[in-house]
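Where a number appears in this text, it was derived from the coordinates with a stated rule and is not lab data. Quick caveat: nothing in here was measured; it's all calculated off a predicted structure. Cβ placement follows ideal geometry from the backbone for every residue including glycine, while neighbour counts extend to all protein chains displayed.
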């Protein structure tokens with residue numbers, strides 16, 4: 001996921017996407033604990049995507065805040 005894809009989304013859409021990615025990360029961690037994980041690199045990718053979403057959310061909030 002690229003930051004340019006996230007810039008067009010609203011705050012609510014970013015929150016939903018972040019929640020979905022966190023849920024997927026949770027399931028992958030469970031699979032990892034039970035040694036059923038096929039792509040361990042997906043965990044790292046999800047963590048980075050979540051960080052990108054959080055960064056974009058804070059940027060949107062800062063832009064919407066009164067000065």
Considering residues that are touching a helix residue (DSSP H, G or I) at 6+ places or on another chain (Cβ under 6 Å), surrounded by 13 or more Cβ atoms within 10 Å (Cβ to Cβ) and assigned to a helix (DSSP H, G or I), the number found within segment 1-16 is 2
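Residues are listed down the side, and each one gets a yes or a no for (1) in a helix (DSSP H, G or I); (2) surrounded by fewer than 16 Cβ atoms within 10 Å (Cβ to Cβ); (3) touching a helix residue (DSSP H, G or I) at 6+ places or on another chain (Cβ under 8 Å):
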position	(1), (2), (3)
26	yes, yes, no
50	yes, no, yes
63	yes, yes, no
67	no, yes, no
